[in-house]
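The values are calculated or read from the model by the stated rules, or taken from the named source; none is laboratory data. All figures in this text were calculated on a predicted structure; none of them were measured in a lab. Note: ideal-geometry Cβ built from the backbone for every residue, glycine included; neighbour counts use all protein chains shown. Note: areas computed on protein heavy atoms with side chains; ligands, DNA, RNA excluded. Shrake-Rupley method; radii C 1.70, N 1.55, O 1.52, S 1.80 Å.
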Amino acid sequence: MKVAVFSSKPYDKAFLTSANQGRHELVFHETALNTTSAILAQDCTAVCCFVNDQLGADVLEILAKQGVKLIAMRCAGYNQVDLNAARAQGITLTRVPEYSPHAIAEHTLALILMLNRQLHRAHYRVHENDYSLDGLLGFDLFGKTVGVIGTGKIGATFARIMLGLGCRVIAYDPFPDEALQTAGVDYVALDALWSQSDIISLHCPLTPDNHHLINADALLKMKPGVMLINTGRGGLLDTKAVIAGLKSRQVGYLGLDVYEEESDLFFEDHSSQLLQDDVFARLLTFPNVVITGHQAFFTREALAAIADTTLKNLTGFEQQDRTLMHLIESP
Ligand SMILES: NC(=O)c1ccc[n+]([C@@H]2O[C@H](COP(=O)([O-])OP(=O)(O)OC[C@H]3O[C@@H](n4cnc5c(N)ncnc54)[C@H](O)[C@@H]3O)[C@@H](O)[C@H]2O)c1
């Protein structure tokens, strides 16, 4: 089967080619999928996409007209896919529901430790022969309350890590996980999570219902100086409201691996260009904000698992064997 792989980086090519073993004809394109680049999928039965490829109704229509029958997402989230339009166009959707929840959960912990112990600032001080500690004061994680929003595969893994560090873990999820409750996680209402948490971490999918879940109202209910961590999806957090919270010190620390407008920025080297996004530029001015460019998933184990499941999805579609496929069901 001929497959156009969009937004492909050298590491995607390496892991997908290795998992493919020559079975499918993979055509790699560095460009992201959008209305202009969709033409590159001509003659392809499938396209393989990543988090910032555009899969709105307009792109899906172009793909369908060119004969594309399958969109194989090589990620877990699919908030950018117009599911109704895909169904209307008769396009099948697959994804990689699980690759390494540890990769994202461990990166979440890295952001927490970096912010708390000011490692980003300490690193530069030492390189400037400055060993003063003023301004680097942290706090013990032991005994602090961590609020986890969404306790699926990643949130549950993260919750267990924080329990292991001696934190009190509270969570909000419409579908509580009994095993986590047994392990010591208390499920609470959102308002209680806002008011009790020293650290709040987002691990739910972005849906129309929870866009800007963290907004000005929610921020007012939180403990002053709260630490916010978002490795979920950028749209879960109202960035402008959080910037106001940082300025008033209601938000004490902010760790982001995702950003609302990341599709214009992340995964590319823009170092010789001027940054045009003023909101993002403001975030970069705070000493208590750490941002990574959607790299939480980026471990060897995760990339190997993503490639393996993506190839199974392609082969399952070709063989019409649903047991091999991880389908995204229509709403
Ligand atoms: N930064 C990264 O590199 C990266 C990588 C993978 C996934 N993610 C993000 O992490 C999210 C979670 O991934 P997962 O594999 O744990 O998914 P999952 O499907 O296993 O778990 C999601 C959980 O969120 C819960 N949920 C849904 N809506 C909610 C809401 N409004 N409030 C609270 N909980 C809600 C669900 O009940 C479920 O338990 C993905 O949807 C994706 O957006 C980020």
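Restricted to helices (runs of 4 or more DSSP H) entirely inside segment 63-129, those with at least 2 residues that are within 16 Å of the ligand (Cβ to nearest atom), open to solvent by less than 20 Å² (accessible area, probe 1.4 Å) and not assigned by TED's automatic domain parsing to the domain that holds residue 42 are 101-116. Considering 143, 135, the condition of being closer than 25 Å to residue 173 by Cβ, assigned to a loop (DSSP other than H, G, I, E, B) and away from the ligand (no atom under 14 Å from the Cβ) is satisfied by 143 alone. For the criterion of being within 10 Å of the ligand (Cβ to nearest atom) and within 20 Å of the chain's Cα centre (by Cα), residue 233 passes.
Beta carbons closer than 6 Å, at least 6 apart along the sequence or on distinct chains, never pair a first residue in segment 144-164 that is not assigned by TED's automatic domain parsing to the domain that holds residue 206 with a second that is at pLDDT below 95 and near the ligand (Cβ under 6 Å from one of its atoms).
Quick grid of which residues meet (1) within 18 Å of residue 120 (Cα to Cα); (2) in contact with a helix residue (DSSP H, G or I) (Cβ under 7 Å, 6 or more places away or on another chain):
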| position | (1), (2) |
| --- | --- |
| 262 | no, yes |
| 267 | no, no |
| 270 | no, no |
| 278 | no, no |
| 287 | yes, yes |
| 291 | yes, yes |
| 297 | no, yes |
| 304 | no, yes |
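Of all residues in segment 160-175, those satisfying the criterion of being more than 11 Å from the ligand (Cβ to nearest atom) and closer than 13 Å to residue 197 by Cβ are 162, 167, 168, 169, 170. Counting residues in segment 22-36 that are assigned by TED's automatic domain parsing to the domain that holds residue 309 and in a helix (DSSP H, G or I) gives zero. Could we say that residue 243 is farther than 30 Å from residue 100 by Cβ, at pLDDT 95 or above and either over 14 Å from the mean Cα position of the chain (by Cα) or within 15 Å of the ligand (Cβ to nearest atom) (or both) here? Against the criterion (farther than 30 Å from residue 100 by Cβ, at pLDDT 95 or above and either over 14 Å from the mean Cα position of the chain (by Cα) or within 15 Å of the ligand (Cβ to nearest atom) (or both)), residue 243 qualifies. Only residues that are under 23 Å from the mean Cα position of the chain (by Cα), closer than 19 Å to residue 325 by Cβ and away from the ligand (no atom under 16 Å from the Cβ) were counted in segment 33-59, giving 2.
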